[in-house]
Amino acid sequence: MTDPSPVRHLRAQDAQRIRWRNGLGWTREIHAEPDGESEEWRWRLSIADIEQPAAFSRFESVERELMLLSGDGLTLRFDDGQVADLQPPHARLRFSGSRALQGEPSGPGVSALNLMWRAGCVDASVWHRPLVGTMVVFVDPGDCWVVHVLAGEVRLAETDVFQGARGDTLLLRATDSRRRFGLDGGGELLLVRFAAVDTVGPEEEMPAAP
């Protein structure tokens with residue numbers, strides 16, 4: 001990872017609204033991690049607004065995970081025949097970005113959190129967790145943990161750096177050694193660990209209670 005800052009607070013209102021790659025929809029880009037060796041991103045976090053049935057953009061050599069954020073549901077119809085219904089509140093699906101598919105929203109106001117990462121470069125482990133009191137996240141050097149607030153409020157313990165509400169995102173990193181971060185508050189979180197593929201072990205370490 002190329003950003004040396006151990007903590008970054010990404011506010012929901014600061015997300016950049018951009019067109020989908022195929023021009024058929026809009027997304028709010030929360031963060032795109034630069035590669036450092038090319039102009040491409042290593043991983044990307046955004047919110048897709050799905051206003052009508054439309055083909056999704058295809059991304060070769062990219063893995064994706066889609067989570068329903070709002071609306072009455074989203075049906076994903078893959079060209080190979082698979083059909084997946086993402087139902088409220090927060091159903092999610094992981095799939096290859098190279099697969100062709102169409103998204104069909106169940107009514108207005110459908111949005112989905114869109115995680116993408118380059119296969120062979122980084123890997124992503126994802127957890128959807130309630131936050132009641134304090135949660136501890138251990139970050140190893142070279143990893144980046146994403147904390148996205150789905151509901152409620154979250155505070156980074158013992159600091160004023162992050163006081164996040166729904167839609168805000170926190171990026172946590174370590175420099176020279178493993179670092180411990182405490183999260184206080186109440187609500188729901190999506191936690192993602194992005195790690196270089198050569199550092200991913202056979203079992204991922206889940207965030208823990210203190």
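The values are calculated or read from the model by the stated rules, or taken from the named source; none is laboratory data. All values derive from a computational prediction rather than experimental measurement. A quick note on method: Cβ atoms are made from the backbone with ideal geometry, for glycine too, and the neighbour counts reach across all protein chains shown.
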Checking R77, R42 in turn, the sole residue that is of a type in the set (K, R), over 24 Å from L189 (Cα atoms) and surrounded by 14 or more Cβ atoms within 10 Å (Cβ to Cβ) turns out to be R77
Any chance segment 110-119 includes a residue that's at pLDDT below 95 and on the phi > 0 side of the Ramachandran plot?
no
Being modelled with pLDDT under 95, surrounded by fewer than 21 Cβ atoms within 10 Å (Cβ to Cβ) and either closer than 29 Å to C144 by Cα or not assigned by TED's automatic domain parsing to the domain that holds G103 (or both) is true for just one of E65, E60. Which residue is that?
E60
Run down V136, V110, V132, V83 and say which single residue is among the β-branched types (V, I, T) and free of Cβ contacts under 8 Å to residues at least 12 places away in the same chain.
V83
Is it true that some residue in segment 49-59 is touching a residue at least 24 places away in the same chain (Cβ under 8 Å), in contact with a Gly (Cβ under 8 Å, 6 or more places away or on another chain), of a type in the set (D, E, K, R) and under 29 Å from A165 (Cβ atoms)?
yes
